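Participant: Right, I'll just put the structure down here and ask away after.
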Amino acid sequence: MRLHSLTREKILGLVGKTIFDRGVQYAQSGRVVDLLVESSGEISALVEGNDTYEVTISEENQQLKFHCDCPYEETCKHLVAVLLCYLEQPERSTRPSSRKGVQTQKSLRKLLEPLPQPVLLELVLDICQDNKDFANLLRLRLQPGDPQVLRTLLSRVRRVHLSFEDYEYDGYGRDLRRAVREFKEIQKLLKNVPVSNQFQVHWEIVLKILNAFEEYQMDHEGLEDVLIKSLAMLSQIVTAEEQHPEFQRYFQLLGEKYRHLDGFLHDTLIDEIFAIIHTKEQILQTVDWVKSNVCAGSSQEDLLEQLQSMLSDLENPA
């Protein structure tokens with residue numbers, strides 16, 4: 001199949017009705033943004049779903065080559081949406097290769113690489129003077145232990161707007177998509193900062209997301225992915241030493257949110273509680289918590305049985 005002979009019928013034949021229909025929904029609902037057709041004929045675009053996915057479509061040896069960085073391993077709905085939007089573009093074969101207001105990393109590299117170091121330094125300092133966020137990001141990369149870095153990251157978390165007001169039936173509300181992207185960017189930055197600072201920022205992310213879920217009593221797949229990652233990091237930090245000073249506060253947070261959330265995330269929160277307990281006192285504390293907070297029945301019995309097994313292993317090591 002060639003781009004010049006592409007039709008809706010050929011796309012349908014390529015992917016089947018289910019994926020095609022989902023691609024139609026994405027195309028019609030405006031999820032395809034920054035569609036670009038290079039002078040070489042290569043198509044690229046961003047598609048907003050649970051995350052923002054990058055799609056490229058090109059021709060090699062008179063055959064179409066597809067790429068989308070979503071988890072789906074075959075030709076996906078994001079690719080279909082881009083192809084459908086491409087079909088709607090007039091004069092698509094001669095479209096210039098520039099996105100509105102955006103330079104690709106590749107073109108920026110070509111501009112920056114020839115610059116002498118003093119010129120590049122002055123350019124960076126000028127940008128820092130005009131853009132405080134860029135200056136703070138640069139400081140984070142170069143001096144991660146600076147107290148200002150922690151304040152900057154905490155401020156970014158607190159500025160994230162979490163609202164379910166535009167929540168759609170499929171969970172793709174625009175505000176929530178933006179929030180997920182921002183949280184994921186913050187999580188990437190945290191790899192460069194000291195552990196104590198990581199704990200505080202992950203704590204803020206967890207608290208903000210759990211509070212939103214509690215307020216709206218609604219879940220969101222993308223936010224849940226962010227939440228699970230931050231929970232895992234908090235648990236890893238808390239268990240790194242036997243008597244971590246934040247253990248009790250973290251345990252109480254997990255227990256409190258378990259009580260206030262209406263069913264969803266219960267398994268996730270219990271998994272995190274079980275992941276951080278490793279002393280006799282902590283196991284006994286969890287036994288009391290399970291008896292008081294998990295409804296009597298098979299679930300409670302299973303949890304108490306696991307705790308008793310953990311206690312026996314601790315008291316009678318092999």
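Participant: Inspect the range 265-282 for any residue being of a type outside the set (Lys, Arg), part of a helix (DSSP H, G or I) and more than 33 Å from the chain's Cα centre (by Cα) and give the result as yes or no.
Facilitator: Within the range 265-282 (the criterion being of a type outside the set (Lys, Arg), part of a helix (DSSP H, G or I) and more than 33 Å from the chain's Cα centre (by Cα)), the answer is yes, since at least one residue qualifies.
Participant: Okay, next question. Looking at Glu9, is it outside the structural domain of Ala179 (by TED's automatic domain parsing) and farther than 22 Å from Val180 by Cβ?
Facilitator: Taking the combined requirement at face value, the residue satisfies it.
Participant: Could you say which residue among Leu176, Leu227 is surrounded by 20 or more Cβ atoms within 10 Å (Cβ to Cβ) and at pLDDT 85 or above?
Facilitator: Sole residue among the options that is surrounded by 20 or more Cβ atoms within 10 Å (Cβ to Cβ) and at pLDDT 85 or above: Leu227.
For (1) farther than 19 Å from Thr7 by Cα; (2) at pLDDT 80 or above; (3) buried (at least 18 other Cβ atoms within 10 Å of the Cβ), each residue gets a yes or a no:
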{"site": "Cys68", "(1), (2), (3)": "yes, yes, yes"}
{"site": "Glu73", "(1), (2), (3)": "yes, no, no"}
{"site": "Cys76", "(1), (2), (3)": "no, yes, yes"}
{"site": "Leu79", "(1), (2), (3)": "no, yes, yes"}
{"site": "Ser93", "(1), (2), (3)": "no, no, no"}
{"site": "Ser97", "(1), (2), (3)": "yes, no, no"}
{"site": "Val102", "(1), (2), (3)": "yes, no, no"}
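Participant: So for the range 255-263 (the condition being touching a residue at least 40 places away in the same chain (Cβ under 8 Å) and surrounded by fewer than 16 Cβ atoms within 10 Å (Cβ to Cβ)), does at least one residue qualify?
Facilitator: Yes, the range 255-263 contains at least one residue that is touching a residue at least 40 places away in the same chain (Cβ under 8 Å) and surrounded by fewer than 16 Cβ atoms within 10 Å (Cβ to Cβ).
The values are calculated or read from the model by the stated rules, or taken from the named source; none is laboratory data. Quick caveat, the model's predicted, so the values are computed rather than measured. Cβ coordinates were reconstructed from backbone atoms using ideal geometry, including for glycine residues, and neighbour counts include every protein chain displayed.
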